[in-house]
Amino acid sequence: EKINENYLKDRHDLRNITELSHTMIGEKRMDNIRYCIESIIKDDVPGDLIETGIWRGGAIIWMLGILKAYEVTDRTVWAADSFEGVPIPTLEQDNGFDLSKNVLPVLAVTQEEVRKNIEKYHLQDGNVKFLPGWFKDTLHTEEIKQLAMLRLDGDLYESTMDSLTPLYSKVSKGGYIIVDDYESCPPCKLAINEFREKNKISEPIIKIDNHGVYWRKGDAI
């Protein structure tokens, strides 16, 4: 799928008008996170929550806030990010889709900045754990035992595959897989479609808005 030549410019302009925001996902994708967490709690789906690609931590903050509102203390929220922005494309599938900090420096947010953002909401406690580094180096960790939610926001084919490969098998039956940029990042969409086909994943993809989608793993509990 050919990338519109104005896409990166438009994307860059978008980031320039969100300098004070802690998230760019919008109301519908935030509502989706809440829906999935409430469903997980109601159906007692076991496991932690993770977002791979957290930017300024807005979605992580939202997850922590929802868990706190429901007085859930036995689920970890994993915050996985390079904290150096999106990697420079190395795979053919990501050609022409350079979102690295040389192109979009606003996407490179330090771990310290994210921690400070979480603290602003008085949510910095034992429920959040950071996984700093490139996904290929960090997400194979045995620390993550089981997941009830896997939220992917890596934009690239490579980053999406580097998240799905080690983590999808850890998502519990009835857990949720959320793809933030399925419709807006063609390399990400390609990775999702290939992974689903290869692993014979038949659960329907559900549209959230013009960008994100999700599906529930296995039969609903």
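Details
- Residue of P186, P204, P89 that the Gaussian network model of the chain assigns the largest fluctuation, springs spanning Cα pairs under 10 Å: P204
- Between the stretch 32-110 and the stretch 141-159, the alpha-carbon center distance in angstrom: 8
- Protection proxy ranking, peptides 169-175, 47-53, average beta carbon neighbours within 10 Å, highest first: 47-53, 169-175
- Once Rg and Dmax of the Cα atoms in Å is calculated for the structure shown, the corresponding label among (i) 17.4, 58; (ii) 18.6, 57; (iii) 16.3, 47 turns out to be (iii).
- Between L91 and H140, the modelled label-to-label distance comes to 1.5 nm, taking each label 7 Å out from Cα in the direction of the beta carbon.
- Amide hydrogen neighbours beyond the local backbone of F130, cut-off 5 Å, H modeled: A79
- Per-residue ellipticity at 222 nm from helix content only, as computed over the chain with -39500 (n - 2.57) for each DSSP H run of at least four residues, stands at -10500 deg cm²/dmol.
- Potential extension, Y70-E183 segment - 0.36 nm per residue separation minus Cα distance: 37.5 nm
- Fraction of beta bridges assigned by DSSP in the chain that are antiparallel (%, nearest 5): 25
- Two-site label geometry, V106 and N193: point separation in nm, points 7 Å out along Cα→Cβ: 2.9
- Other residues within the sphere of radius under 12 Å centred on the Cβ of I61, judged by their own Cβ, net out at +3 (K and R +1, D and E -1).
- Within the chain, the selection of entire DSSP H helices by a Cα span of 20 Å or greater along the long axis and an average Kyte-Doolittle value of at least -1.0 returns 26-42.
Every number in this text was worked out from the coordinates using simple rules, so none of it is lab data. Keep in mind it's a predicted model, so treat the numbers as computed, not measured. FYI the Cβ positions are ideal-geometry reconstructions off the backbone, even for glycines, and counts take in every protein chain you see.
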